[in-house]
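Asks: Supplied in structure tokens, the structure appears directly below.
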Amino acid sequence: MKYDIIVVGGGHAGCEAALAAARLKNKTLLITSNIENIADAPCNPSIGGPAKGIVVREIDALGGQMGINTDKSLLQIKMLNTKKGPAVQALRAQIDKITYKKNMQETIKNQENLELKEAMVEDLIIKNNIVIGIKTDKNEEIYSKAVILTTGTYLRGMILAGSDKHPGGPHGEKESKDLSNNLKKLGFNIIRLKTGTPQRIEKSSINFSKAQVEKGDNEIRTFSYDNKAYYNIENQEECYLIYTNEKTHKIIKDHLNESSMYGGFVEGIGPRYCPSIEDKVVRFADKEKHQLFLEPESKFYDDIYLQGFSTSMPHYVQEEMVHSLPGLENAIINKYAYAIEYDAIDPRQLKRSLETKIIENLFTAGQINGTSGYEEAAGQGIIAGINASQKINNKDCLILKRYESYIGVLIDDLVTKGIKDPYRLLTSRAEYRLLLRNDNADLRLTEYGHEIGLINEERYNKFKEKKKLINELINKLKEIKINPTKEVNEKINNSNILKIKDTTSLYNLIKRPEVKIDDLKIFTDLNYEKEIKEEVEIQVKYEGYIEKEEKSAKRQKEAEEKKIPNNIDYNKIKNIASEAREKLNKIRPTTIAQASRISGVNPADISILMIYLKKEASNE
Amino acid sequence: MQEDTIVAISTALSNSAISIVRMSGKESISIASKIFKGKNLEEVKSNTINYGYIVDKDKIIDEVLVSIMRAPHTYTKEDIVEINTHGGIIPTNNVLNLLIKNGARMAEPGEFTKRAFLNGRIDLTQAEAVMDIIESKTNYSNELALKELTGDTKKYIQNLRQRLINLISQIEVNIDYPEYQDIEQITYNKIQDEVRSIKNELEIIIEDSKNIKIIKEGITTLILGKPNVGKSSLLNKLIKEEKAIVTEIEGTTRDIVEGQINLNGIILNLIDTAGIRQTDNKIEQIGIQKSKDKIKEADLVIVVLDISRKMSQEDIDILEATKDKTRIIVLNKNDLKQELELDKKFMNENIIEINTLKEINIKPLKDIIKQMFELGKIEDNKTLFANQRQINNAIKAKQSLENVLNTIDSVPVDLLEIDIKDALYTLGEITGENYNDEILDNLFKNFCVGK
């Protein structure tokens, strides 16, 4: 049996990769060790957040599934950072883990060109440094033109709680034993990482009266640009906020050497951005309390996820710790917290298309590349799916730039800088944040999605119509001018707008901090969808800042256009510092912009490189 | 790249006692040994000075000392040979030509320093400082340039950048972790205080650095006065005392500098004028217009009045034309009977009575000049920018910070951050921590031959 593309793993990266590959008309096989666990969310029951939420919007704009699937599986949704600027607002949803899985599995099972198979992949079949298939633990060989590895935490997975340590994946699943060793033999540098997940508490055993309620927004929100709401705004589930206390901290300190981390039982490197509770207590010793969220996992079972309490303490200590929390004095722990160690590859061994540099037609996405988070995984998944398809169909790969998407920032960071701990996307990783907004992901990426073939004509026409309406409204606001008559100033004063002194356009009026676009209804009808009005308001109000960022993004764009040939021999370039030479040789950047982002490559090296390239070009 | 060996005369080409011809590149030692009679240069140790003769075939050109410095511990990180010739334009040029004949290439302006930079020997600020040493004419600017090599400015700017980075990270953590109510939310007040404080520090360095132009290029000084008031004798006294160059040399402006004097390290470029008399003569009018332009460009005007004569219309015109300038009113011929009556409105200005004939009060006049330009304070351990590019970047960064302060009430915090980041980026350009090829192009164009 021969496939075009095999996707190994059915997590968030695997789902997007498989769907993209199949939707692009490739005969695709998704292999996973347990079909029931496809699209499982083994950690927190939420999707989105700063930067991450925007990634979900980007996936949707490219024609991926995570946005729609989240919209269909909501327990609660809200917009974050509403008091801050448009650049940093982002959606976060609490999802029903059961519904989420069910919806995604349904989509996958109904997808044309996509087959499912249950097996553990333990090896790759390689010929002349090109991958041509996989081998399962039952020694079955399956052939394909390309393979995408999305192995999550399964590569030599190891579960840790206290000094108890045993091989395995999440939910007591079997780990993959040999695949990472086989990757090592092929020349991949294997790194060991660690992540963790907190306790699940029986809902009926919690006294919520001591906790602060966290509600969803009172306004309809959707991740997908389909803008279809599948939830009832009145029926959103609540989350709760509580704090740790001195008692909790004392228990942790007393038992510190029993934790896997502090007891020295862990070799993997944990994420800086998501420390365990013992880490927080040790590193921020002066803090009297740390906040924790109680989040529902599903309507179909009663687990409450104890966000912020992840730990690798032995079970009996966890009991004590949990019972020290307000409202959880009598809590029943349904699942203990655990840490998990797993293997990943050094992402600097990848191209920006997510194809590996060592083995042709082999792509990787998600935690195997050193990231953490469902959204980061899915974002890489869709890119790997698209590019595996582009590659075997002899088309140009899709390389998203840093100034056009968070996915571009994510992948560029991974392949250029590498990682030390599991990589989490943050808005501060993007230098042009104001260009990468939650509201404009479709304006940034729909063209790509359409060109590649993941955005259908219906959706594309809707997008073009939206663009048209945005321009129309902007022009309208530019044309309508108001004069500083007594009547006009009375009118605007009633809308809490400061008086005008000169004739001014509505367009310029929006630029004032106190003016909202809907305030202008007193001058003209604004019969546009809310989405259009919001977009126009942001574009006009923040025009000055947006232009400023676009200007500096242009500099980066120019440097991105200065290509470095594939076959460049860095050993031939005299005078480059040896550290820079070593790094350039290892990472093999494709553009001057990428080269300049490598740590250890300093400006002098870049100028030498540029002079060399100019000289080479003039010699030809 | 940089395969070839470059050569240049690295001392000023004049009839001085000794001149240095310098070569850099991997062939430099073998080229030198081809024309050197003495020890075998290819075998001598690094950092040695070797006595011998430069010969063209059998003809002796000069008796010389040759310094051999082997890579990589040299200025350019390449092999360097320096030949100390016996001065004189002709022998030095002969040695240079001989080296070129034997395989060296004439260096382009700034090429030694460019190589040092490209070979990672020095960073951008240091490269600029070297350029300043080359061009510096006085001790003041030499000190400035040297101070920068130690990285003082760099450290100072790095510190300001670090504070901006700290501020940015505080804002970032609120953005990326909005749900964390236990993380301190940065307030607008805090941002305002820190931004203002950084802006103020920048302002101080910028102000202090403005003197740098004066230190490097000298004070353009105009001596004005009606005929026979003692202008030229004042000029001559000033020049004579400093034993300065009296020949005509090209100034920084299109004007001819009559003379240049060095006042304990401050250069005074003295400029003659045609005067500003009212006249109907067309040609003279052109001259007068020129004088007025010169007044505009001058950093300092010395108005010379004759104490023994009554105030004339021309005196009044001169005082009127220079009333907005930094000026000193000199009352000459104080040994004669005072006829001049100076209006009270001038009483708060710098006025000094002198006598050029008897050389009275020439030194106090100089002290006043030094005082006026407050050059004393540069001797302190101040952080200063050494050139206009750095000053311009600092001004740009300051403006970005002003933007923050101006918009702090009207835009959300993440947009304020855009201007804060701009300031960070612009300061990074001063220390060379950002990459921008325009800087390099610009920089290397401004280098002159030799160190």
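Asks: Look through B:GLU433, B:GLU438 and report the one residue that is within 14 Å of chain A (Cβ to nearest Cβ), open to solvent by 70 Å² or more (accessible area, probe 1.4 Å), part of a helix (DSSP H, G or I) and at pLDDT below 75.
Replies: Values: B:GLU433 fails: part of a helix (DSSP H, G or I).
Going through B:GLU433, B:GLU438 in turn, the sole match is B:GLU438.
Asks: Continuing with this model, one more query. Within the range B:406-420, how many residues are part of a helix (DSSP H, G or I), more than 7 Å from chain A (Cβ to nearest Cβ) and out of contact with any Leu (no Cβ under 8 Å at 6 or more places or on another chain)?
Replies: Keep residues of the range B:406-420 that are part of a helix (DSSP H, G or I), which gives B:406-407, B:413-420.
Narrowing further to those that are more than 7 Å from chain A (Cβ to nearest Cβ): B:406-407, B:416-417, B:419-420.
With out of contact with any Leu (no Cβ under 8 Å at 6 or more places or on another chain) added as a condition, the list becomes B:406, B:416-417.
Total satisfying the criteria: 3.
Asks: Given the residues A:ILE538, A:ILE517, which is the only one that is under 30 Å from B:VAL404 (Cβ atoms) and away from every other protein chain (no Cβ under 14 Å)?
Replies: Exactly one of A:ILE538, A:ILE517 is under 30 Å from B:VAL404 (Cβ atoms) and away from every other protein chain (no Cβ under 14 Å), namely A:ILE517.
Asks: Within the range A:600-610, does at least one residue satisfy the condition of being under 26 Å from the mean Cα position of the chain (by Cα), buried (at least 20 other Cβ atoms within 10 Å of the Cβ) and part of a helix (DSSP H, G or I)? I'd like the intermediate steps shown before the answer.
Replies: Pass one, the range A:600-610, residues under 26 Å from the mean Cα position of the chain (by Cα): none.
Looking through the range A:600-610, none of the residues is under 26 Å from the mean Cα position of the chain (by Cα), buried (at least 20 other Cβ atoms within 10 Å of the Cβ) and part of a helix (DSSP H, G or I).
Asks: Just checking, how many residues over the range A:140-191 are part of a helix (DSSP H, G or I) and among the basic types (Lys, Arg)?
Replies: Of the residues in the range A:140-191, the ones part of a helix (DSSP H, G or I) are A:170-172, A:179-186.
Now drop any that are not among the basic types (Lys, Arg), which leaves A:184-185.
Qualifying residue count, the range A:140-191: 2.
Asks: Looking at (1) aliphatic (A, V, I, L, M); (2) assigned to a helix (DSSP H, G or I); (3) in contact with a helix residue (DSSP H, G or I) (Cβ under 8 Å, 6 or more places away or on another chain), which is the only condition A:LEU116 fails?
Replies: (2)
Asks: Further question: Is the range A:440-451 home to any residue that is over 13 Å from the mean Cα position of the chain (by Cα) and within 14 Å of chain B (Cβ to nearest Cβ)?
Replies: no
Asks: Filter the range A:284-296 down to residues that are aliphatic (A, V, I, L, M) and open to solvent by 60 Å² or more (accessible area, probe 1.4 Å), then give me how many there are.
Replies: Final tally of qualifying residues: 1.
Asks: Quick check on the range A:460-470. Is at least one of its residues closer than 21 Å to A:GLU529 by Cβ and of a type in the set (A, V, I, L, M)?
Replies: Yes, the range A:460-470 contains at least one residue that is closer than 21 Å to A:GLU529 by Cβ and of a type in the set (A, V, I, L, M).
Asks: List every residue pair whose Cβ atoms lie under 7 Å apart, where the two residues are 6 or more positions apart in sequence or sit on different chains, the first residue falls within the range A:578-604 and is away from chain B (no Cβ under 11 Å), and the second residue, located anywhere, is surrounded by fewer than 22 Cβ atoms within 10 Å (Cβ to Cβ) and in a strand (DSSP E or B).
Replies: Pairs that qualify, where the first residue is away from chain B (no Cβ under 11 Å) and the partner is surrounded by fewer than 22 Cβ atoms within 10 Å (Cβ to Cβ) and in a strand (DSSP E or B), are A:THR590/A:LYS563; A:THR591/A:LYS563.
Asks: Restricting attention to the range A:122-150, and to residues there that are touching a strand residue (DSSP E or B) at 6+ places or on another chain (Cβ under 8 Å), open to solvent by 20 Å² or more (accessible area, probe 1.4 Å) and of a type outside the set (A, V, I, L, M, F, W, C), which single residue is nearest to A:CYS397 (Cα to Cα)?
Replies: A:LYS145
Asks: Test A:LYS84 against the stated conditions and say whether it is more than 29 Å from A:LYS357 (Cα to Cα), free of Cβ contacts under 8 Å to residues at least 40 places away in the same chain and not in a strand (DSSP E or B).
Replies: Yes; evaluated as a whole, the condition is true for this residue.
Asks: Related question: What residue, among those in the range B:6-38 that are modelled with pLDDT of 90 or more and in a loop (DSSP other than H, G, I, E, B), is surrounded by the fewest Cβ atoms within 10 Å (Cβ to Cβ)?
Replies: Ranking the candidates gives B:ILE35 first.
Asks: Provide a single number: the residues in the range A:192-231 that are open to solvent by less than 50 Å² (accessible area, probe 1.4 Å), of a type in the set (A, V, I, L, M) and in a strand (DSSP E or B).
Replies: The number of residues fulfilling the criteria is 2.
Asks: I would also like to ask the following. Filter the range B:315-343 for residues that are surrounded by 12 or more Cβ atoms within 10 Å (Cβ to Cβ) and not in a loop (DSSP other than H, G, I, E, B) and give the result.
Replies: Those that are surrounded by 12 or more Cβ atoms within 10 Å (Cβ to Cβ) and not in a loop (DSSP other than H, G, I, E, B): B:ASP315, B:ASP317, B:ILE318, B:LEU319, B:ALA321, B:ARG327, B:ILE328, B:ILE329, B:VAL330, B:LEU331, B:ASN332.
Asks: List the helices (runs of 4 or more DSSP H) that sit entirely inside the range A:438-549 and contain at least 2 residues that are closer than 30 Å to A:ILE68 by Cβ and at pLDDT 90 or above. So that I can check it myself, show each step before the final result.
Replies: Working: elements: A:441-452, A:457-479, A:486-494, A:506-510, A:530-541.
The helices (runs of 4 or more DSSP H) meeting that bar are A:441-452, A:457-479, A:530-541.
Asks: Quick one: count up the residues across the range A:403-420 that are in a loop (DSSP other than H, G, I, E, B) and either within 14 Å of another protein chain (Cβ to nearest Cβ) or open to solvent by 10 Å² or more (accessible area, probe 1.4 Å) (or both).
Replies: 5
Asks: May I pose another question? Could you list all residues from the range B:149-171 that are within 14 Å of another protein chain (Cβ to nearest Cβ) and modelled with pLDDT of 80 or more?
Replies: Answer for the range B:149-171, where residues must be within 14 Å of another protein chain (Cβ to nearest Cβ) and modelled with pLDDT of 80 or more: B:LEU164, B:ILE165, B:ASN166, B:LEU167, B:ILE168, B:ILE171.
Asks: May I ask you to list the residues in the range A:549-568 that are within 13 Å of chain B (Cβ to nearest Cβ) and either open to solvent by less than 100 Å² (accessible area, probe 1.4 Å) or touching a residue at least 12 places away in the same chain (Cβ under 8 Å) (or both)?
Replies: A:GLU549, A:GLU550, A:SER552, A:ALA553, A:GLN556, A:GLU558, A:ALA559, A:LYS562
Asks: Against the conditions (1) open to solvent by 10 Å² or more (accessible area, probe 1.4 Å); (2) modelled with pLDDT of 80 or more; (3) assigned by TED's automatic domain parsing to the domain that holds B:ILE295, where does B:PRO227 fall short? Just the number, please.
Replies: (2)
Asks: Output the residue which, of all residues in the range B:356-391 that are surrounded by 13 or more Cβ atoms within 10 Å (Cβ to Cβ) and farther than 24 Å from B:LEU300 by Cα, is modelled with the highest pLDDT.
Replies: It comes out as B:GLN390.
The values are calculated or read from the model by the stated rules, or taken from the named source; none is laboratory data. None of the values given here were measured: they were computed from a predicted structure. Counting neighbours? That spans all protein chains shown, and the Cβs are built from the backbone with ideal geometry, glycine included. Accessible surface is based on the protein model in full, side chains and every heavy atom, while ligands, DNA and RNA are left aside. Shrake-Rupley method; radii C 1.70, N 1.55, O 1.52, S 1.80 Å.
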